[in-house]
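> This structure is in structure tokens; I'll ask about it shortly.
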Amino acid sequence: GHWEALRYNDIAVLENMHVSEAFSRTLGNNRQAKLDIMSGLKKEQVAIFRKMVINGVLRTDMTRHFSDTNSMKGLLLSLCSDKGLETKESYAEVLFFILHMADISNPAKPAPLFIDWADRCLVEFFEQGDEEKAMGLPVSPLCDRDTTCRPGSQIGFIEFIIQPSYEVLGELIPRVQDEVMPIIDKNLDYWKKEKIAGSGSGKT
């Protein structure tokens, strides 16, 4: 297997790698002073900042999406009660959820950005699929350029991932309901028309 997967025990491999690289260049033996945005912080502040960044980046791992979305629904129930957000951890959970929503926000962008980013993601996915085929590994979902339907992939992503989670985000931030959800709905309609017109790959 790939050395990075071995190093991080197949758990949030890219996320762990990225955050490890970032801190190795700012805190480690290979520290680069010009990159150290924590140089003005006290030791205790650095520890808090590092913990927040690590947790935030790891929470962008899609394997956590559904569990984190459900957790946020639970926090929303607390907000609707007299308790509100009682702990610093609760505030951090909200922050991490917002960060994750930003990370998967491609379908929430206005035209033509949502199309451009969909295509960029598919290029990356297909390159991954090509490598998986070359290594004799099972091809990950949406990563097979021979079978993935371009508009179909976006329809599924929006309907099962984006819309439900952004509805939760809209409960936290009402402007999301008013300003972002209509864009998502419009983009979904675009991909459905693309699929009907057969202007994608023609695959299902």
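> Across region 118-159, which residue is surrounded by the most Cβ atoms within 10 Å (Cβ to Cβ) among those that are in contact with a Gly (Cβ under 8 Å, 6 or more places away or on another chain) and not in a loop (DSSP other than H, G, I, E, B)?
PRO151
> A further question follows. What is the one condition in (1) surrounded by 14 or more Cβ atoms within 10 Å (Cβ to Cβ); (2) under 14 Å from the mean Cα position of the chain (by Cα); (3) closer than 21 Å to ASP185 by Cβ that ILE115 does not satisfy?
In the conditions (1) surrounded by 14 or more Cβ atoms within 10 Å (Cβ to Cβ); (2) under 14 Å from the mean Cα position of the chain (by Cα); (3) closer than 21 Å to ASP185 by Cβ, ILE115 misses (2) alone.
> Can you tell me which residue in region 180-194 is least open to solvent (accessible area, probe 1.4 Å), limited to those that are within 20 Å of the chain's Cα centre (by Cα) and without any contact (Cβ under 8 Å) to a residue 24 or more places away in the chain?
The selected residue is MET181.
> Working only within region 110-153, note down all residues that are among the polar types (S, T, N, Q) and more than 19 Å from LYS195 (Cα to Cα).
Within region 110-153, GLN128, SER140 qualify.
> Here's a check for you: in region 1-24, which residue that is closer than 15 Å to GLY56 by Cα and of a type in the set (S, T, N, Q) is surrounded by the fewest Cβ atoms within 10 Å (Cβ to Cβ)?
Among those residues, the one meeting the criterion is SER20.
> On to the next question. What are the residues in region 160-179 that are open to solvent by 50 Å² or more (accessible area, probe 1.4 Å) and among the aliphatic types (A, V, I, L, M), if any?
Matches in region 160-179: ILE173 only.
> Next question. Residues ILE115, ILE98, ILE162: which one is at pLDDT 95 or above, in contact with a Pro (Cβ under 7 Å, 6 or more places away or on another chain) and assigned to a helix (DSSP H, G or I)?
ILE162
> List the residue pairs whose Cβ atoms are under 8 Å apart, where the first residue sits in region 12-40 and is touching a residue at least 40 places away in the same chain (Cβ under 8 Å) and on the phi > 0 side of the Ramachandran plot, the second is open to solvent by 40 Å² or more (accessible area, probe 1.4 Å) and not β-branched (Val, Ile, Thr), and the two are 6 or more positions apart or on different chains.
ALA12/LEU58
> Of (1) within 25 Å of VAL176 (Cβ to Cβ); (2) over 15 Å from the mean Cα position of the chain (by Cα); (3) of a type in the set (Ser, Thr, Tyr); (4) surrounded by 12 or more Cβ atoms within 10 Å (Cβ to Cβ), THR87 satisfies all except one. Which?
(4)
> Restricting to region 39-48, and then to whatever is open to solvent by 70 Å² or more (accessible area, probe 1.4 Å) and in a helix (DSSP H, G or I), can you tell me which residue is nearest to ALA92 (Cα to Cα)?
Within region 39-48, the match that is nearest to ALA92 (Cα to Cα) is ILE48.
> OK, next. Select from region 42-73 the residues that are closer than 22 Å to SER105 by Cβ and basic (Lys, Arg) and list them in ascending order. Spell out how you get there, then give the answer.
Here is the first cut: in region 42-73, the residues closer than 22 Å to SER105 by Cβ are 52-73.
Passing the criteria: ARG59, ARG64, LYS73.
> Just to be sure before I move on: is VAL57 more than 14 Å from the chain's Cα centre (by Cα) and either open to solvent by less than 90 Å² (accessible area, probe 1.4 Å) or farther than 26 Å from SER153 by Cα (or both) in the structure I sent?
Numbers: more than 14 Å from the chain's Cα centre (by Cα): no; either open to solvent by less than 90 Å² (accessible area, probe 1.4 Å) or farther than 26 Å from SER153 by Cα (or both): yes.
Considered against the rule, which asks whether it is more than 14 Å from the chain's Cα centre (by Cα) and either open to solvent by less than 90 Å² (accessible area, probe 1.4 Å) or farther than 26 Å from SER153 by Cα (or both), VAL57 comes out as no.
> Restricting attention to region 1-38, which residues are hydrophobic (A, V, I, L, M, F, W, C) and in a helix (DSSP H, G or I)?
Within region 1-38, TRP3, ALA5, LEU6, VAL13, LEU14, MET17, VAL19, ALA22, PHE23, ALA33, LEU35 meet the criteria.
The values are calculated or read from the model by the stated rules, or taken from the named source; none is laboratory data. The structure displayed is predicted, hence computed values, not measured ones. FYI the Cβ positions are ideal-geometry reconstructions off the backbone, even for glycines, and counts take in every protein chain you see. With ligands, DNA and RNA removed, areas are computed over all heavy atoms of the protein, side chains included. Shrake-Rupley method; radii C 1.70, N 1.55, O 1.52, S 1.80 Å.
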